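Participant: What follows is a structure written as structure tokens; I'll ask about it next.
The values are calculated or read from the model by the stated rules, or taken from the named source; none is laboratory data. Source: prediction; values computed, not measured. Please note: Cβ atoms are built from the backbone with ideal geometry, for glycine as well, and neighbour counts cover all protein chains shown.
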Amino acid sequence: MQFMLLFSRQGKLRLQKWYVPLCDKEKKKITRELVQTVLARKPKMCSFLEWRDLKIVYKRYASLYFCCAIEDQDNELITLEIIHRYVELLDKYFGSVCELDIIFNFEKAYFILDEFLLGGEAQETSKKNVLKAIEQADLLQENLDFQICLLPGVLSPNMSAESSGLFQS
Amino acid sequence: MSDVVEKTLTALPGLFDSQTGAAKITNRLRQLVKSITELTSKHEEENLIKQELCAMKEQVSSPNTSMKQMREIMVRAMYCEMLGYDASFTYIHAIKLAQQGGVLEKRVGYLAVSLFLNEGHELLLLLVNTVLKDLQSTNLIEACMALTVVAQVFPKDMIPAVLPLVEDKLSHPKEIIRRKAVLALYKFYLIAPNQVQHIHGKFRKALSDRDPGVMASSLHIYLQLIRESPDSYKDLTGSFVTILKQVLGGKLPVDFNYHSVPAPWLQIQLLRILSLLGKEDQSTSELMYEVLDESLRRAEMNHNITYAILYECVKAVYTIHPKVELLEKAARCIGNFVLSPKINLKYLGLKALTYVVQHDAKLALQHQMTIIECLDHSDFTIKRETLELLFRITNAQNVTVIVEKMLDFLRGCNDEHTIIHLVGKVSELAEKFAPDNSWFIQTMNCVFSIGGDLLQQDVPNNFLRLLAEGSESKEEDDQLRLYAVESYLTVLKGHTSHLPQCFLQVMSWVLGEYAHLQGSVDRREVIRLLTQLLDQRSVSSETRVWILSALTKIPEGQTDLILDLAERLASSQDTVLRQQAQELQHLSQDSQLHEWVLPRGAPWDAIEVDSSLSFLDGFVSEALAAGAAPYKPPHQRQEELCEDRALNLEPYSFSLPVSLSSCSITDRQSPTLLSVSSGLSGNSTELSQKAGSSTLILEGVKRVWGKDGYLPQKEATAPLVDEPSAAVQPPVQQEAAERTEPRPELSTRNQDKQQLASSLFVGLGVGSSVSLLGKSEAPPPRFRKKPRPHESSSSSGTSEKSSDSSCRSSHNTTDSFLYGSFLEEEPATSKSAFDHTPKSTTANGLSQNKDTKEDKHTNTSQIFGGDMVIVRPSTIQDKHPPSESSDLTALLPADLKDLPHSDVISLTSDPSLSLSSCRLFRDEALLLLIFISNCTETVIKDIAVQLTCEELKTASLRGNIVDCLEARSTSVCHYALLMDDPHTNVSFTGTVSYQTQPGHTNTLPFSGTLSTADFIRPLVLTTEEYGKLWLSLSHDVKQNLKLLTDAGDPLRTTLNALKDALQLHVVDIIGSEGIVACRLLSSAPCLLHCRVSGAALVMWLRSPHPALPDCILYHCQRALAHR
């Protein structure tokens, strides 16, 4: 896999992971182009897209688009399932995940992704093992500090759409 | 609203229980996110982020910022970067955080590093120590983090530093560590394969790891390794089959299941590996038939994941040695895909079909109605894939319909990549299957006007070359040309401002060359049309040059028009145009000169270009005699200029080693000696800081600037040329064109569609000669291009030339392997074989040509000194036993007999021809000799050899076209190959086409491998010179090698072994150290410093070329391992 992008229906980037070295300018250009192209596609169209010399595999979950770029000889369907497994992992970890979870805890989403894919290849496909690894690391945090306070009213009204679960559709 | 808040908050366990101290932390991010969401315009967002970044900048530079705060800042910085704002000031702090923070901070720090920094980023060097520390940490989490970052971003040069630690982790008790270590090594393998060369054994251990996760990770490495050299891993086939069987049998833990399919990722990986192993290998394929069968059978559930596996399975079945039952089953599976209502599956079905029709075109017939529906699908992706499929099944009968479909698609398409890609295919099909001239020209017109300036250069190049070279029959060629001229005149009479430049260039070239064929058209009309183009503003200046040279070619008679034009352009701003206008003026006034410069109707391959400009020799020698300075190439001038500017602390010594005699014109060399390649002087700032450990004399040597640094050195001798690969593409395997009736039993609703189907799928023979195993020969392409030697200039200064140039004319004889008929080395010009820019017709090329002419200093082999090896063991891994080798070495041309050479190896053979090759090691190039032997009792005609190798450059070739080869005789074809960038192994492929009977062309493909070792030459220098050179080189690699201890002095034995295998020059051996030197042909040197340390040989390599040490190291390892 060459890279993975998560973006919202409004075209806002939520997560980006690049497995090939590219300069920032190039990354931005690719992101912009791809977000446009993918958002322009109709729901009935297929989840694959030939783009430059790459294949783009994307899938929409609620308000979020997950989008992966793979090489030509790679298997599109299994990439689709990689996306799905990642969403499952997020869902299990956050408990019925929604876009807001990913916005506010994007570093967690990255941690999970890094346990699941490493250097662009599937590292661990067992759901249990991935979550175990994450929980172990989280456990450390728990021991380190033990205080919580929350400010009320963090959510603005126009975010309600993003708080619907990804698996609702 | 409140329930939404509540839901979200409960959805964030991180906030409630685990990520506690993060409360404040997340708040800052939350506030940021929240305020951004509330903003309405992009402008406001920019301002807000700018403020935020400013605040962060202040905070990070304050000494009071705690690690915890730093972590929070880092999270915000990541967020800002994700929004597309530059937060590069935090990069260094990310590294600091990873270095100094507690586990919690480290985690964020490492994440930030992996998001912010690229592999090549220099800041990564600062991370190396942190990674080293964490790799050694007993804390599992820390070690995990370090491995994760290593597998994501790690600088290539620093791999040796962490490699031993990562290697150790392969035997770590925790499987998660082992798994990450395997993936880190996979990453290392991808970016620097040579460095992990020695741990292949450990990969095998990982493959048999008891943890399925570790085993699965190791498959990534194996897939890569097997892709590169399937032959070395055939022995593992059994293991892979067993693993797949176990997976299918549900032997893995249940949590590897995905939607109740056992470990699908693992299955797919294994299927890919198996298909690579079984490709073209019957015995290996037989091992896997059973498991593939089972795979096909098991995957019956209706879920995406099973289809993913099925797809891979089908591909495997069609890749390996075929078995009829499996093929039938796989074909049925494809049916399930193609007929599926799910669009994703349909797409994959088309893709699978595209793949399998290459093996069996008949399969497309079963799905013709689906294919036709897909052709009109609203989804762009589906349409494009369908066209790809059609492209594969094109033959002479359906070509017009298919090309029409493709052009239709192209007209509605605005994606650049798609256009370039498809237009290339259209032109390929047009060339191969064109039914008649008018169709061909019309189609190419579409190609040019649609593809326009996006087109790759080789499309117009090929087209023009085809027109220019023609085929066998002059009459046909002229008809084609005539048609082109007519069609272009029509185009030009229309509206021309929208035409792409490339099309205009093609048209003007054709009109210039062939307008005279068209008797009925008034010359004035042609001239008028072309001049009209010149006046258009949209025409680029490059195109103007094309047009003008076309006008120059259109013969005399219309002097008044031409003169008018020339006068008008004489005041143009563009100097090139102005010059051309001058030429035009002169030529049009002097018809004799015109005839001489531009002979009409002369076959263009007969035009001889005197690239050495010998006609100016007299002028130059006069000038020299009159005291003019000899010519220096620009880079030398530049260097001298630099030297002049620097302070010279040395006493003046003798002047530059340029003597008048060496620039005597007769041998046409550039009169200068080259200084040591620029890599040496470029790195001179890096002084001896690294030389500390060496106890050789190196320490005493001062780096001397100036003249002492000069070493006579040869550059690559000839201007290089691109491989002629574009010239003749091997015909794609196609089914023989047999006309079949449209299948009557088709259930159709729609007459049109059926008609379309019959026109699309005609010629895909139902039950005709199609066999699964043997593919029948492709019909010869309609427009067969004559393979020909590169447009070559006459020789410049090889010694053979002067010795024997009288034999020039005795071409095309069967004894062409004899020395004389080869003529001299022909350095091909550096432009591609068909020169796209029109040549200037007058002698303005003087300065320019001199620039491009590489100076060649034919100092005969001082390199092959006393320690030369005459015959080296063969490194070409050939599958054929060497045959008749002894006879063939006798055929070596006389001038090459004395060169060291390899054994003669048989490349390939068929009943008529057999090919063998031999490598000759010349100082400045590798000569690859291909012996073409006629095994029949009849004469074979029109033999043409085409050799392709992406990594190498052909400096010259000769003898690749043989007009006729007598029975039982042999001809020799030479390739002088150059390697600019070292590759450990390069493989070449090629084809020989020949005719046993007129009109019946056979092709015989061949391939082989060359190793860097073939391109390495000893570098003879003294210890002192070595010392100087050593200090000036920057790229170094250090590694421990095996020491050969079997006999006598281990160091000497080992070095001798290396010398024998690699043509190294052993400079000196002092005690337990040895210094060795070599170079890549006549360019980059590589110095090796070897020291015995215990039972190992510490080898330290330096070179101006970054990749050369790696390569040489690889071959040293191999040479020692194979003893």
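Participant: Within the stretch A:29-44, identify whether any single residue is within 17 Å of the chain's Cα centre (by Cα), within 11 Å of chain B (Cβ to nearest Cβ) and either in a loop (DSSP other than H, G, I, E, B) or hydrophobic (A, V, I, L, M, F, W, C) (or both), and answer yes or no.
Facilitator: no
Participant: Within the stretch B:418-428, restricting attention to residues that are out of contact with any helix residue (DSSP H, G or I) (no Cβ under 6 Å at 6 or more places or on another chain) and free of Cβ contacts under 8 Å to residues at least 60 places away in the same chain, which residue is nearest to B:Val403 (Cα to Cα)? Give the derivation first.
Facilitator: Filtering the stretch B:418-428 for residues out of contact with any helix residue (DSSP H, G or I) (no Cβ under 6 Å at 6 or more places or on another chain) gives B:418, B:421, B:424, B:428.
Cutting the leftovers down to free of Cβ contacts under 8 Å to residues at least 60 places away in the same chain gives us B:418, B:421, B:424.
Details: B:Thr418: 15, B:His421: 14, B:Gly424: 12 Å.
Across the stretch B:418-428, the extreme among qualifying residues is B:Gly424.
Participant: Looking for whichever is surrounded by fewer than 21 Cβ atoms within 10 Å (Cβ to Cβ), of a type in the set (Ser, Thr, Tyr) and at pLDDT below 85 here; the options are B:Ser260, B:Ser208. Which one fits?
Facilitator: The unique qualifying residue is B:Ser260.
Participant: Any idea which of A:Leu34, A:Leu54 is touching a residue at least 24 places away in the same chain (Cβ under 8 Å) and farther than 20 Å from B:Thr386 by Cβ? Full working, then the answer.
Facilitator: Numbers: A:Leu54 fails: farther than 20 Å from B:Thr386 by Cβ.
Result: A:Leu34 is the single residue among A:Leu34, A:Leu54 that is touching a residue at least 24 places away in the same chain (Cβ under 8 Å) and farther than 20 Å from B:Thr386 by Cβ.
Participant: Read through the list (1) modelled with pLDDT of 85 or more; (2) closer than 24 Å to B:Ser114 by Cβ; (3) in contact with a helix residue (DSSP H, G or I) (Cβ under 6 Å, 6 or more places away or on another chain), then give the number of the only condition that A:Asp74 fails.
Facilitator: Among (1) modelled with pLDDT of 85 or more; (2) closer than 24 Å to B:Ser114 by Cβ; (3) in contact with a helix residue (DSSP H, G or I) (Cβ under 6 Å, 6 or more places away or on another chain), the lone unmet condition for A:Asp74 is (3).
Participant: Also, quick follow-up: Hey, among the residues in the stretch A:86-109 that are facing chain B (nearest Cβ under 7 Å) and within 18 Å of A:Lys132 (Cβ to Cβ), which one's surrounded by the fewest Cβ atoms within 10 Å (Cβ to Cβ)?
Facilitator: The extreme case among them is A:Gly95.
Participant: Does B:Tyr311 count as outside any loop (DSSP other than H, G, I, E, B) and at the interface with chain A (Cβ under 10 Å from one of its Cβ atoms)?
Facilitator: Values: outside any loop (DSSP other than H, G, I, E, B): yes; at the interface with chain A (Cβ under 10 Å from one of its Cβ atoms): yes.
Yes: the conditions hold for B:Tyr311.
Participant: Related question: Among the numbered criteria (1) over 25 Å from B:His198 (Cβ atoms); (2) crowded, with 23+ Cβ neighbours inside 10 Å, which single criterion is violated by B:Leu1080?
Facilitator: B:Leu1080 satisfies all of (1) over 25 Å from B:His198 (Cβ atoms); (2) crowded, with 23+ Cβ neighbours inside 10 Å except (1).
Participant: For the structure I just gave you, tell me whether B:Val247 is free of Cβ contacts under 8 Å to residues at least 24 places away in the same chain and either within 14 Å of chain A (Cβ to nearest Cβ) or in contact with a Ser or Thr (Cβ under 8 Å, 6 or more places away or on another chain) (or both).
Facilitator: So B:Val247 fits the description; yes.
Participant: Another question about this same structure. Within the stretch B:150-196, restricting attention to residues that are of a type in the set (Asp, Glu) and over 29 Å from the mean Cα position of the chain (by Cα), which residue is surrounded by the most Cβ atoms within 10 Å (Cβ to Cβ)?
Facilitator: Only one residue fits best here, namely B:Glu175.
Participant: Further, regarding this structure: Taking the stated definitions as given, is B:Gln995 in the same structural domain as B:Lys941 (by the TED database) and either touching a residue at least 40 places away in the same chain (Cβ under 8 Å) or closer than 29 Å to B:Ala161 by Cα (or both)? Show your work before the answer.
Facilitator: Working: in the same structural domain as B:Lys941 (by the TED database): yes; either touching a residue at least 40 places away in the same chain (Cβ under 8 Å) or closer than 29 Å to B:Ala161 by Cα (or both): yes.
So B:Gln995 passes the test.
Participant: Looking only at the stretch B:95-131, filter to residues that are of a type in the set (D, E, K, R) and under 30 Å from the mean Cα position of the chain (by Cα); which one of those is farthest from the other protein chains (Cβ to nearest Cβ)?
Facilitator: B:Glu122
Participant: Could you please let me know if B:Leu455 is within 21 Å of B:Leu565 (Cα to Cα) and touching a residue at least 12 places away in the same chain (Cβ under 8 Å)?
Facilitator: Taking the combined requirement at face value, the residue does not satisfy it.
Participant: B:Leu569 fails exactly one of the following numbered conditions: (1) surrounded by 17 or more Cβ atoms within 10 Å (Cβ to Cβ); (2) closer than 19 Å to B:Asn445 by Cα. What is the number of that condition?
Facilitator: Result: B:Leu569 passes all but (2).
Participant: Somewhere in the stretch B:1042-1062, is a residue in a strand (DSSP E or B), touching a strand residue (DSSP E or B) at 6+ places or on another chain (Cβ under 9 Å) and not assigned by the TED database to the domain that holds B:Pro982?
Facilitator: Yes, the stretch B:1042-1062 contains a residue that is in a strand (DSSP E or B), touching a strand residue (DSSP E or B) at 6+ places or on another chain (Cβ under 9 Å) and not assigned by the TED database to the domain that holds B:Pro982.
Participant: Could you check, for the stretch B:127-144, whether at least one of its residues is closer than 18 Å to B:Gln100 by Cβ, in contact with a helix residue (DSSP H, G or I) (Cβ under 9 Å, 6 or more places away or on another chain) and among the basic types (Lys, Arg)? Steps first, answer last, please.
Facilitator: The initial filter retains those residues of the stretch B:127-144 that are closer than 18 Å to B:Gln100 by Cβ, namely B:127-137, B:139, B:141-143.
With the extra rule that they be in contact with a helix residue (DSSP H, G or I) (Cβ under 9 Å, 6 or more places away or on another chain), the set shrinks to B:127-137, B:139, B:141-143.
The next check asks that each one be among the basic types (Lys, Arg); those that pass are B:133.
Yes, there is a match, as at least one residue in the stretch B:127-144 is closer than 18 Å to B:Gln100 by Cβ, in contact with a helix residue (DSSP H, G or I) (Cβ under 9 Å, 6 or more places away or on another chain) and among the basic types (Lys, Arg).
Participant: Going by what's in this entry, would B:Lys346 be described as in contact (Cβ under 8 Å) with a residue 24 or more places away in the chain and within 11 Å of chain A (Cβ to nearest Cβ)?
Facilitator: Criteria met by B:Lys346.
Participant: Cβ-Cβ below 8 Å, separation at least six or inter-chain, first residue in the stretch B:29-41 and under 23 Å from B:Lys68 (Cα atoms), second in a loop (DSSP other than H, G, I, E, B): which pairs?
Facilitator: These pairs meet every condition: B:Arg30/A:Leu151; B:Arg30/A:Val154; B:Gln31/A:Val154; B:Lys34/A:Val154; B:Lys34/A:Leu155; B:Lys34/A:Ser156.
Participant: I would also like to ask the following. Condition (residue is more than 12 Å from chain A (Cβ to nearest Cβ), among the charged types (D, E, K, R), assigned to a helix (DSSP H, G or I) and in contact (Cβ under 8 Å) with a residue 24 or more places away in the chain) applied to the stretch B:260-282: is it met by at least one residue?
Facilitator: Here is the first cut: in the stretch B:260-282, the residues more than 12 Å from chain A (Cβ to nearest Cβ) are B:260, B:270, B:273-274, B:277-282.
From the residues that got through so far, the ones that are among the charged types (D, E, K, R) too are B:279-281.
From what is left, the residues that are assigned to a helix (DSSP H, G or I) are none.
The answer is no, given that none of the residues of the stretch B:260-282 is more than 12 Å from chain A (Cβ to nearest Cβ), among the charged types (D, E, K, R), assigned to a helix (DSSP H, G or I) and in contact (Cβ under 8 Å) with a residue 24 or more places away in the chain.
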